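Here's the structure, in structure tokens; my notes come after.
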Amino acid sequence: MNRSIIKISMFISYKIIFFFIITYILLFFFWIYLGCFCAVYKNTQIHLFIDVSLSFIFSFIPPFIIYLVPGIFRIMSLKNRKNEHPYMYKLSYLIQML
């Protein structure tokens, strides 16, 4: 039993190490490519920066809202000591699963 767990954990750790090595190599080459692109096309740097910033902003707003709404319902249901709203916690769980 222990040998199989050790084998599986070693296999998973090798896969994680391999994943991070490949990720950092690719990230390095993407930065080189981006640097060359910005060196050749100097007038597009501002547009590139604005587009990347807007992309990050628009990709972070929906998850923030999606996780904020169930959290608000849970905080309200857990702060309620008298249990006046018994279904608020279940509603937050349902919203989270959507």
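Since every read-out is calculated from the coordinates, none of them should be taken as a lab result. Just so you know, these numbers come straight off a predicted model, no measurement behind them. Glycine also receives a Cβ, built like all others from the backbone with ideal geometry; neighbour counts cover every protein chain displayed.
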Quiz prompt | Partners for LYS90 among lysines (Cα-Cα distance below 24 Å; same-chain residues under 8 apart left out) | solution = LYS79, LYS82
Quiz item: Which residue, chosen from ILE16, MET76, ILE50, occupies the Cα position most advanced towards the positive end of the dipole of the chain, where the dipole is computed from +1 (Lys, Arg) and -1 (Asp, Glu) charges on Cβ about the Cα centre?
Solution: MET76
Exercise. Could you sort 67-80, 35-48 so that the peptide with the highest average Cβ count within 10 Å comes first and the rest follow in order?
Key: 67-80, 35-48
Quiz prompt | For the chain, convex hull volume per residue from C-alpha positions, Å³ | solution = 172 Å³
Quiz item: Each residue of the stretch 18-23 in turn: what ³J(HN,Hα) in whole Hz from Karplus with 6.51, -1.76, 1.60 and θ = phi - 60°, glycine and Pro shown as x?
Solution: 4, 4, 5, 4, 5, 4
